[in-house]
1. What do you reckon, is Q140 touching a residue at least 60 places away in the same chain (Cβ under 8 Å), surrounded by fewer than 18 Cβ atoms within 10 Å (Cβ to Cβ) and within 21 Å of G91 (Cα to Cα)?
2. If V53 passes every condition in (1) part of a loop (DSSP other than H, G, I, E, B); (2) modelled with pLDDT of 95 or more; (3) surrounded by 13 or more Cβ atoms within 10 Å (Cβ to Cβ) but one, which one does it miss?
3. Go over the candidates A98, A132, A161 one by one and state the one that is small (G, A, S) and touching a strand residue (DSSP E or B) at 6+ places or on another chain (Cβ under 8 Å).
4. Can you name every residue in the range 88-115 that is closer than 15 Å to E69 by Cα and under 19 Å from the mean Cα position of the chain (by Cα)?
5. Considering only the range 224-245, I want to know if a residue exists there that is more than 20 Å from T93 (Cα to Cα) and in contact with a helix residue (DSSP H, G or I) (Cβ under 7 Å, 6 or more places away or on another chain).
6. Checking the condition within 16 Å of H209 (Cβ to Cβ) and in the same structural domain as S144 (by TED's automatic domain parsing), which residue from T121, T93 passes?
7. Could you please give the count of residues in the range 115-124 that are touching a residue at least 40 places away in the same chain (Cβ under 8 Å) and either crowded, with 19+ Cβ neighbours inside 10 Å or of a type outside the set (A, V, I, L, M) (or both)?
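The values are calculated or read from the model by the stated rules, or taken from the named source; none is laboratory data. Treat the numbers as computed from the prediction; the structure is a model and nothing was measured. Here the Cβ positions follow ideal geometry from the backbone for every residue, glycine too, while neighbour counts run over all protein chains shown.
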Amino acid sequence: MKDRGSTEGSWWSALKRGEISSAFSSIIGVPHAKAEQIAFMRNTLKEQRKPNVLHVPLEELSVVVFDLETTGFLPDHGDEIMSIGAIRVKGETIISDASFYELVQVNQTVPPEIEQLTGLTNTMLQEGLPLATALQRFMQFVGSDILIAHASGHDKAFIVAAFWKIWRARWSHRLVDTMLVAKWLEKEKRNYTLDELLVMNQIEVTTRHHALEDARMTASLWSQYVGKMRERHVTTLSELYAYLSSS
């Protein structure tokens, strides 16, 4: 059996020869980064390098709408992901049986106000998955599909922080924010919270601040927006980005 120094020397030599992506070089010494997780991350990045989907018609585009529940708002100051919910949509069709939901173990006491808001308790989260496993399963569910979220800055910040903490890898996945789409499609409105947009678009409100239910409701919003974009002759992701950048 090789000692640690010999192993790291071999890894470093392979890295210099270009045989190992630098995105994974800093995983050495991270005890919870297992070989199969590293392999999975390589495949994930490889999927992202496939020909892009900018010109796929929105009516045919497969996306995954997702949401996170977290212990707070600051991932860089110890707040953690508690649950991940997602559902697949193709064009305007919500694929109800293609959904994802996982509770995630946390290393802190859930604040009382968060427990009251989400209904998630430390006892419930003890039955959840380790964060690395939950994220791996989530990304397996997503595959190469586009991600959709509402007010996505919060969710993105937590996933970026988690990927760096666990794998020392920079998370990058094409992501569309329904709040930005709403600000372009419905400029006359002043309030673009999910609650307000659900009411405005006559979407049934089920259980708020539950990751899967919020994802389902956001999926309904995205589905409607695909139709509204078609009416405005915006038919591809590339065209949508052009409008969003100019609005």
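1. When the stated conditions are applied, Q140 passes them.
2. (2)
3. On inspection, the qualifying residue turns out to be A98.
4. Within the range 88-115, F100, Y101, E102, L103, V104, Q105, V106 meet the criteria.
5. Here is the first cut: in the range 224-245, the residues more than 20 Å from T93 (Cα to Cα) are 238-239, 241-245.
Of the ones still in play, those that are also in contact with a helix residue (DSSP H, G or I) (Cβ under 7 Å, 6 or more places away or on another chain) are 243-244.
Yes: the range 224-245 contains one or more residues that are more than 20 Å from T93 (Cα to Cα) and in contact with a helix residue (DSSP H, G or I) (Cβ under 7 Å, 6 or more places away or on another chain).
6. Step by step, each of T121, T93 is checked, and only T121 is within 16 Å of H209 (Cβ to Cβ) and in the same structural domain as S144 (by TED's automatic domain parsing).
7. 3
Table: residues versus (1) within 18 Å of the chain's Cα centre (by Cα); (2) of a type in the set (A, V, I, L, M); (3) assigned to a helix (DSSP H, G or I).
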site: A162; (1), (2), (3): yes, yes, yes
site: K189; (1), (2), (3): no, no, no
site: Q202; (1), (2), (3): no, no, no
site: Y225; (1), (2), (3): no, no, yes
site: H233; (1), (2), (3): no, no, no
